[in-house]
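Here the structure is laid out as structure tokens; the discussion comes afterwards.
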Amino acid sequence: MKSKINIKGNTLWKICALVILAISITCCLVSVTSVVQPTTAIAKQVVPITLNDSISTQIDGGPLVANYVFCFLAPTGWAAAQNMTVTYTSTLGNGSMKLMPANALEPASGNTLTWPAACAAKFGIGKNLVNDVQWVVYESAQPISIANGITITGQINIKLTVGADGNNTSYFPEYVTCESSDGISDDAYWGNGHDYSLNSGPCLVQTGTDGDLHDYCNLQLASINPPKSLDNEFISLTYNNKLDTNTMLKGNTNLYLCVDSAYLSDGTALTNFCVQAEKTQLVQTTSNSGLFALTFWPRSFFNLTSTQTLTKLVYYVTDQTGTKRVGYGGSTTTPFTYKFTCN
Amino acid sequence: MKKLNKLGKLKCLFFVALSLIIWASCKTDKINPISEPVKDISGSWKIIKATRNGSDLTALVDSNIYSFSKFRINFSGGKYTVTNPLPFIVSQSGTYSLDNPQYPFQITFSATGSTTPASTSFTYPVVGGVRVLTLVFAPGCPQNTYSYSLEKVN
């Protein structure tokens, strides 16, 4: 009886090569058993964080030589790449980790993305509410020969100096561990299907500066996106009416930006911009969302000349009459503030 | 015998004619090399899409004071003019140049009165049969990137 399967030799070789490749590239089941991370920190102090992990291996065709890789999500203002050291201890030896070279490509992306870009594409901004965080990626300073059928236990130890930008920042750290051969792949044919481990830390609240408060863990009554910008950009003010606890403006859908003062770089305060007009009206993003937003261009909004530069915005949100207003924390007397800065 | 000779001559003539036809048919055509046309961006352009850090802003900026639909940039004879300005690579009109007239990857704006030219990446794809000029830049903080896609005004 003739077989209906007709595979040409060339095709057969390709299929065999793919199968062999799929088996041989699958390496390690990485699991982080615990994250030891503080929930508070003081600016400029070194915060210790420890990840206890376990790596089980299944490697066909002998030992795999690869690097341990550690990806960390941190606030952009902390400049973590310049303010963090990473070391590891393991049953295969101890060592230090160095920043992944900027041009190194992540294999699970088909070698199309750098490691930070691949982490951002796959894991986004984690549980954070504001996109002012960035991935920094480290690899072991030396490659490690990983044998088949073993379990490696170890620790990743992080020393992070927080608050480099002089602000007070709260955010959710994210931790990813993997090895450099498979990267952040979901193609493992055993275990949980991942060749990496992703862990979220609790909200880390950093205080100790007289700078701005950047809280990316909790919903804010009013927020401006991007969280860091200059006056020659569009900024989007969002007011969350559902968080108006003193009910001053609750249920009101005619809301306006009331600029108490806008400060120039020479210290001059611009006033008389608390008006209820089209250019200050906040529009509800979707029906019943309770989120009211206004996107505007500060240089045009304040009619700045080419030599004037804004440094700070002090504002309230008001109703249509301008008599009811809400500021920071729901206060009617303490305004919201926003500084024009990139740090 | 004579008949055979005559037939042979005819055959010979036929094969000679056939060979000539085949030889003529195999003549190599001259192919003129096609040169890449110079990318001409002359004309007035309007914004059809704008993003900030990947998020669409197009519908969010549309007021009587300023809007993406009112912004125009006109390229002509190496000069550009901006009307109804918005946050952009440059804030004044001036001159512009492409890094390569046939294969441009970068456009440089030199605003009048400014000593520092501003360069940005330049793509010029055909989308839906229409040329779209896409410019990516940071008008404020370097971490905040804007992308404007522009289409020629008819």
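Here are some notes:
- The residues in region B:135-154 that are in a strand (DSSP E or B) and within 21 Å of residue A:297 (Cα to Cα) can be counted, and the count is 8.
- Taking the listed residues A:318, A:295, A:337, the one that is away from chain B (no Cβ under 14 Å), modelled with pLDDT of 95 or more and buried (at least 16 other Cβ atoms within 10 Å of the Cβ) is A:318, with no other qualifying.
- Test: residue in region A:41-54 that is away from chain B (no Cβ under 14 Å), of a type in the set (Gly, Ala, Ser), closer than 16 Å to residue A:196 by Cβ and surrounded by 15 or more Cβ atoms within 10 Å (Cβ to Cβ): yes
- Here residue B:75 clears all of (1) under 16 Å from the mean Cα position of the chain (by Cα); (2) outside any loop (DSSP other than H, G, I, E, B); (3) free of Cβ contacts under 8 Å to residues at least 24 places away in the same chain except the condition numbered (3).
- Annotation note: of B:134, B:112, B:123, B:108, the sole residue that is surrounded by fewer than 15 Cβ atoms within 10 Å (Cβ to Cβ) and more than 14 Å from chain A (Cβ to nearest Cβ) is B:123.
- The C-beta contact set for region A:246-258 (first residue assigned by TED's automatic domain parsing to the domain that holds residue A:293 and closer than 15 Å to residue A:273 by Cα, second residue surrounded by fewer than 20 Cβ atoms within 10 Å (Cβ to Cβ) and not acidic (Asp, Glu), distance under 7 angstrom, 6+ apart or interchain) comprises A:256/A:276; A:256/A:281; A:256/A:320; A:258/A:274; A:258/A:322.
- Residues that are in contact with a Cys (Cβ under 8 Å, 6 or more places away or on another chain), crowded, with 20+ Cβ neighbours inside 10 Å and within 30 Å of residue A:318 (Cα to Cα) within region A:171-230 comprise A:171, A:226, A:228, A:229, A:230, listed in sequence order.
- Meets criteria (surrounded by fewer than 18 Cβ atoms within 10 Å (Cβ to Cβ), closer than 30 Å to residue B:93 by Cα, within 14 Å of chain B (Cβ to nearest Cβ) and among the hydroxyl-bearing types (Ser, Thr, Tyr)) for residue A:309: yes
- Filter result for residue B:89 (out of contact with any strand residue (DSSP E or B) (no Cβ under 6 Å at 6 or more places or on another chain) and assigned to a loop (DSSP other than H, G, I, E, B)): no
- Checked against (1) crowded, with 16+ Cβ neighbours inside 10 Å; (2) in a loop (DSSP other than H, G, I, E, B); (3) at pLDDT 95 or above, residue A:119 meets all criteria but (2).
The values are calculated or read from the model by the stated rules, or taken from the named source; none is laboratory data. Keep in mind it's a predicted model, so treat the numbers as computed, not measured. Note that we place each Cβ from the backbone using ideal geometry, even for glycine, and neighbour counts take in every protein chain shown.
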